[in-house]
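Working notes for the structure below.
The values are calculated or read from the model by the stated rules, or taken from the named source; none is laboratory data. Predicted model only: the values in this text are computed from it and were never measured. Positions of Cβ are backbone-derived with ideal geometry, glycine not excepted, and every protein chain shown enters the neighbour counts.
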Amino acid sequence: MNTHWYTYTDYRVQHTVVGDLRAADAVYSPQLHNRRRLFVHLPPSYAAEPERRYPVIYMQDGQNLFDQTLSYAGEWQVDETMLALSGEGLEAIVVGIPNMGTRRVDEYSPFKDARLRRGGRGDWYVAFMANTVKPLIDADFRTLPAREHTGVLGSSMGGLISLYAFFARPDVFGFAGVMSPSLWFAQEAITSYIQAAPYKPGRIYLDIGTHEAGEPRLAQRPPHKYTSRYLQSARRLTEILAAKGYLPGTQLRYDEEEEAAHNEAAWARRLPGALRFLLAPERQPALASGTTEQWWEF
């Protein structure tokens with residue numbers, strides 16, 4: 001497949017992109033029978049070191065990652081974060097896969113939510129990432145294609161499908177960033193799936209904000225006493241992952257951010273810590289400002 005990659009720019013508007021961002025339009029998915037633009041953010045050293053190959057992170061909701069102009073809910077500032085982390089010796093190619101708008105929920109869950117009548121196309125979406133997008137990126141850019149150098153990351157429903165992809169396609173994905181995952185979807189079917197799934201070697205980063213959507217049980221208490229369905233589900237998933245064999249500190253990291261809500265600004269704040277862990281598991285990652293690190297006793 002011949003894909004035309006071009007330097008992303010649009011002189012009609014003022015962009016917020018930092019670094020080398022490439023784009024390809026109307027990339028076809030034979031699994032989902034639709035087309036979408038793809039984005040690729042290249043490391044700062046990419047042009048200067050032509051023999052070097054890089055790990056790759058496939059990120060969901062690609063409209064919200066690099067440019068405020070494209071965003072429908074705020075920018076993650078992935079480009080600024082990757083530039084800053086390069087100064088610490090952490091570099092990776094980041095592939096932004098935009099969602100398909102009204103089809104987003106359907107593609108981001110393999111499970112059908114009977115009440116919402118949404119979801120159920122997640123297996124096709126994971127196949128799109130693994131069997132169409134990844135071969136395309138490996139062919140056109142200098143990647144480290146092995147699973148231990150290949151990760152997937154997302155938030156909310158994007159966090160749910162990223163977690164699912166790690167377990168469903170262990171031949172492809174060796175680490176996963178799972179930020180504020182929508183574990184509630186389809187009556188927490190993802191939790192049952194993970195509990196029954198065999199152990200897959202790799203690294204998992206999981207986080208949540210203490211004030212995310214849910215049903216506050218103690219809304220009048222101080223913030224650190226606040227609990228919600230989101231928070232409880234994330235803690236329960238962390239226990240399941242640890243019991244399955246993921247070692248806190250090396251293979252598993254769980255963060256809670258005090259008073260953080262369910263939005264792009266919160267995910268942008270926590271992204272540096274997530275990437276430090278996922279890209280450099282042998283080093284204790286620094287925490288983003290305002291984040292509380294917690295290792296749970298089991």
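Restricting to segment 176-193, name every residue that is surrounded by fewer than 17 Cβ atoms within 10 Å (Cβ to Cβ) and more than 13 Å from TYR164 (Cα to Cα). Once the filter is applied, which keeps residues that are surrounded by fewer than 17 Cβ atoms within 10 Å (Cβ to Cβ) and more than 13 Å from TYR164 (Cα to Cα), segment 176-193 yields only GLN187. Selection of segment 1-40 for residues being basic (Lys, Arg) and over 22 Å from the mean Cα position of the chain (by Cα) yields only ARG12. Residues of segment 109-155 being in a strand (DSSP E or B) and within 18 Å of the chain's Cα centre (by Cα), which ones? Within segment 109-155, THR150, GLY151, VAL152, LEU153, GLY154, SER155 qualify. Among the residues of segment 258-289, those that are touching a strand residue (DSSP E or B) at 6+ places or on another chain (Cβ under 6 Å) and at pLDDT below 90 comprise PRO281, LEU287.
A quick yes/no check of all residues on (1) in contact (Cβ under 8 Å) with a residue 24 or more places away in the chain; (2) more than 23 Å from LEU144 (Cα to Cα); (3) surrounded by 14 or more Cβ atoms within 10 Å (Cβ to Cβ):
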| site | (1), (2), (3) |
| --- | --- |
| GLN31 | yes, yes, yes |
| ARG35 | no, yes, no |
| PRO44 | yes, no, yes |
| ALA48 | no, no, no |
| TYR54 | yes, no, yes |
| GLN63 | yes, yes, yes |
| LEU85 | yes, no, yes |
